[in-house]
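Engineer: This structure is in structure tokens; I'll ask about it shortly.
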Number of protein chains: 2
Amino acid sequence: MRKLSGENRIIQLLRDRYAVKNSLIKKGIGDDAAVICPAHSDEFLLITTDMLLEGVDFHREWTTPRRLGCKSIAVNLSDLAAMGARPQFFTVSLAVPTGTSERWVLDFYDGMTKPGSSNGAQLIGGDLSHTDNGIMISITALGESLNRKVLYRSGGRAGDLLYVTGLLGRSAAGLRLLEDGCTQSLSHAQKEALRVHQMPMPRCEAGLWLAQCGLVHCMMDLSDGLSMDLPRMCAASGVGAEIRSSDLPVFPESRLWNCDPVELALHGGEDYELLFAVPDSKSCLLEKNYPSKFPKITKIGRLTREVGKVWIIEPTKNRRRLSEHGYDHFRRPEKKRKQNKIKS
Amino acid sequence: MRKLSGENRIIQLLRDRYAVKNSLIKKGIGDDAAVICPAHSDEFLLITTDMLLEGVDFHREWTTPRRLGCKSIAVNLSDLAAMGARPQFFTVSLAVPTGTSERWVLDFYDGMTKPGSSNGAQLIGGDLSHTDNGIMISITALGESLNRKVLYRSGGRAGDLLYVTGLLGRSAAGLRLLEDGCTQSLSHAQKEALRVHQMPMPRCEAGLWLAQCGLVHCMMDLSDGLSMDLPRMCAASGVGAEIRSSDLPVFPESRLWNCDPVELALHGGEDYELLFAVPDSKSCLLEKNYPSKFPKITKIGRLTREVGKVWIIEPTKNRRRLSEHGYDHFRRPEKKRKQNKIKS
């Protein structure tokens, strides 16, 4: 019997098998969130679901219930941000080991509801269970479009310039600290890396702006690492890409704890920044109008005609294929410390 | 530190803590599904989330991937049925042990999508992960109201007559067979019990009709057993109840494999039938108009003024308090073979 052999393959199988046959569904399996058009409604409704499993996506000893709650909702809101939707509601399935205290559960919920409501999302229900295994969290978040403007992964065209928000590799640098047991007497940069890893900030406002501005062709969030996620954008858009390693907005401080900032930026994952493509002719306008209060944006490369091929140009001008080292649950089960998202 | 001490208490804590502060939310935590009113929409959107965990809610050896998929979606659609909503969409979080075959995953999805789409619900996305522990399933189902007619648990009034759809105790009788290792050379009744346990039928059409007919005060589905669920309806409606054991639509054949049909009807759980209350003055009209193509309905008792008290009248005319023996994850963790739902 064939074993599960990679998320992309499974998603493709499911997508082929359960292709949308419903005029109310604008986008089903295969993007950051599903997009539906409820009858009698002027706006699209966007729905995303993400799971976090103890031992796979997090270690309980490496976080607190509040931070875990915060991260759990953040990774879901990031999927809505990735399509330019406004978060509105969320439900939570939570299974905790027998003997877990009420305090733990309430702290977890508090951790979720604060970033949830500051981004406009309200807890409306869920399910609660006990388990003899690790903590299991599954959140479904709902958001709405504004003026039906939604960005998909699939709108990119050859020649578009590629941008990302914020910095890449900070979360992975924070994870490295936890793996190395470094949690005391931290420097400012180490605290920042840890904060980003434990409590990532979904880019909801920036995502909404980018969808509304009318200058962006496609967008997604970076959850599994640029080397995993950019090929997904390319596949969805039917293009290739090339990026310049020297242009990546890395987190150079991570060198101080023996990380390679470029490697983390490419393969680290869990940054929950936005990756988007803008036609060359509109990039100046976008850069000029992009609000300074949002996380800065950085041009990292462009989409190309070489369908499915993703190249990285090194400072030496060498060009090499960008291999996928991000996190894939089914391809590399031995590497178990990172978040997986295979939306939607 | 106080330990988790019962679902009802936890739900109450969460409900108090995260009370709705949003005019778009008609019903948040505490009913079978949340009810929201999207901006610019004429209809309510209903959302429910349910989890199934291996070792807690099911045993892999006792079912097939198709049947597990079928049950997983059924328990969610039942929550929509309980409020009279039309199922529309669903998302699935699935975590499977490393080494699970593609065939297993696809069979599971096939098992879900068939009853899903026959009830009008389309798979639109989800999340997929591996785990070193048991299978974990969390589904979120969405449905819409028709003419904004939705039934809550809270609409019951003293004097209302209580009805249930279908038979009670069949699922628990099927579970008993599995627990006893009886899966070969089954009688017709045993096959029926097993089928209901493994592939319950959500009462979507009956639920929609009951919400539309305008004669029903309140409704919920029976997931944890009448003895757990009826007190929840009473608490939500601020009433008490009395039921007659001789009026319960039991599954008498289960006596043949040493079950007590009345005990299973009261405490068995997982029947996914509907429980609803109708004013005395309208019960004749309801019984007359209720379509014969739907599962039959049975009058089992009435709501009373004795707030929070639920009585059962025995054939001897003795009246005793109905004790809660249904399934509660946090109260009785040692009893681990039944489905828990604590919506929404």
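Engineer: What is the magnitude of the charge dipole of the protein assembly as shown about its Cα centre, with +1 placed on the Cβ of each Lys and Arg, -1 on the Cβ of each Asp and Glu, and no other charges, expressed in debye to the nearest 20?
Structural biologist: Using Cβ point charges on Lys, Arg, Asp and Glu, the protein assembly as shown gives about 580 debye.
Engineer: Write down the percent of antiparallel bridges among all DSSP beta bridges whose residues are both part of the stretch B:1-147, to the nearest 5.
Structural biologist: 70
Engineer: For B:GLY69, what charge total do you get from the other residues with a beta carbon under 11 Å from its beta carbon, if Lys and Arg give +1 and Asp and Glu give -1?
Structural biologist: +2
Engineer: Taking every Cα atom in the protein assembly as shown, find the radius of gyration and the maximum pairwise distance Dmax, and write them in Å.
Structural biologist: Over the protein assembly as shown's Cα set, Rg and Dmax evaluate to 25.9, 92 Å.
Engineer: Moving on. Out of B:CYS70, B:GLY116, B:GLY156, whose Cα points farthest toward the positive end of the dipole of the protein assembly as shown (charges: +1 Lys, Arg; -1 Asp, Glu; placed on Cβ)?
Structural biologist: The residue sitting farthest along the positive end of the dipole is B:GLY156.
Engineer: Counting only DSSP beta bridges with both residues in chain A, what percent are antiparallel, rounded to the nearest 5?
Structural biologist: 75
Engineer: Peptides B:216-223, B:44-51: what's the order by average Cβ count within 10 Å, highest mean first?
Structural biologist: Packing order, densest peptide first, comes out as B:44-51, B:216-223.
Engineer: Compute the relative contact order of chain B as a whole-number percentage, counting only Cα pairs closer than 8 Å that sit 6 or more residues apart in sequence.
Structural biologist: With pairs under 8 Å counted, the relative contact order is 24 percent.
Engineer: B:CYS213 accessible area, nearest 10 Å², 1.4 Å probe?
Structural biologist: Per-residue accessible area (B:CYS213): approximately 40 Å².
Engineer: Follow-up. Calculate the translational D of chain B in whole µm² s⁻¹ from Stokes-Einstein, where the hydrodynamic radius comes from the Kirkwood formula applied to all Cα pairs, the temperature is 20 °C and the viscosity 1.002 mPa s.
Structural biologist: Estimated diffusion coefficient is 105 µm²/s.
Engineer: Please express the shape of the stretch B:175-271 as an equivalent ellipsoid: the semi-axes are the square roots of 5 times the eigenvalues of the C-alpha gyration tensor, given largest first in whole angstrom.
Structural biologist: Value: 28, 17, 11 Å, ordered largest first.
Engineer: Which whole number gives the average count of other chain Cβ atoms within 10 Å of the Cβ atoms across peptide B:46-54?
Structural biologist: Counting Cβ atoms of other protein chains within 10 Å of each residue's Cβ and averaging gives 6.
Engineer: Over the stretch B:147-226, what is the mean sequence separation of C-alpha contacts under 8 Å (at least six apart), divided by residue count, expressed as relative contact order in percent?
Structural biologist: 48 percent.
Engineer: Averaged over its residues, how many other protein chain Cβ atoms are within 10 Å of peptide A:55-61's Cβ atoms?
Structural biologist: Other-chain Cβ atoms within 10 Å of each residue's Cβ, averaged: 2.
Engineer: Now for a separate question. Rounded to the nearest percent, how much of the accessible area of the protein assembly as shown (1.4 Å probe, protein heavy atoms only) is carbon and sulfur?
Structural biologist: Of all accessible area on the protein assembly as shown, carbon and sulfur atoms account for 49 percent.
Engineer: For A:ALA39, go 7 angstrom from Cα along the Cα-to-Cβ vector, then report the distances to that same point in the other copies in nm, smallest first.
Structural biologist: Shortest to longest, the spacings are 2.4 nm.
Engineer: Shielding by partners for A:98-105, please: the mean number of other protein chain Cβ atoms within 10 Å of each residue's Cβ.
Structural biologist: Rounded to a whole number, the mean comes out at 5.
Engineer: Additional query: Rounded to two decimal places and with Rh computed the Kirkwood way over Cα pairs, what is Rg over Rh for the stretch A:93-225?
Structural biologist: Using Cα coordinates only, the ratio equals 1.03.
Engineer: Quick one: Cα centre-to-centre distance for the stretch B:256-302 and the stretch B:78-109, in angstrom?
Structural biologist: Cα centroid of the stretch B:256-302 versus Cα centroid of the stretch B:78-109: 28 Å apart.
Engineer: Tell me the mean residue ellipticity at 222 nm calculated for the protein assembly as shown from its helices only (DSSP H runs of n ≥ 4, each -39500 (n - 2.57), averaged over every residue, nearest 500).
Structural biologist: -9000 deg cm²/dmol, from helical runs alone.
Engineer: So, one more: Over the stretch B:220-277, average the accessible area per residue using a 1.4 Å probe and give it in Å², no decimals.
Structural biologist: Computed with neighbouring chains in place, this is 26 Å² per residue.
Engineer: Still on this structure, I have one more. Among A:171-178, A:65-72, how do they line up from the highest to the lowest mean number of other beta-carbon atoms within 10 Å?
Structural biologist: Highest-to-lowest ranking by the protection proxy: A:171-178, A:65-72.
Engineer: Still on this structure: In µm²/s, what is D for the stretch A:1-115 at 4 °C and 1.567 mPa s, where D = kT/(6 pi eta Rh) by Stokes-Einstein and Rh is the Kirkwood radius from Cα pairs?
Structural biologist: Roughly 78 µm²/s, to the nearest whole number.
Engineer: Could I have the simple spin-label model distance between B:ASP132 and A:GLN212, label points 7 Å from Cα toward Cβ, reported in nm to one decimal?
Structural biologist: Roughly 4.7 nm, to one decimal.
Engineer: Could I ask something else about it? Roughly what % of DSSP beta bridges within the stretch A:56-143 run antiparallel, to the nearest 5?
Structural biologist: Bridges in the stretch A:56-143 that DSSP calls antiparallel: roughly 45 percent.
Engineer: Report the A-B buried area as the accessible area lost on both sides summed, probe 1.4 Å, in Å² to the nearest 100.
Structural biologist: Using a 1.4 Å probe, the pair buries roughly 6700 Å².
The values are calculated or read from the model by the stated rules, or taken from the named source; none is laboratory data. Note that this is a predicted model, so its numbers are computed, not measured. Please note: Cβ atoms are built from the backbone with ideal geometry, for glycine as well, and neighbour counts cover all protein chains shown. For the accessible areas, the whole protein counts, side chains as well, though only heavy atoms, and no ligand, DNA or RNA atoms are used. Shrake-Rupley method; radii C 1.70, N 1.55, O 1.52, S 1.80 Å.
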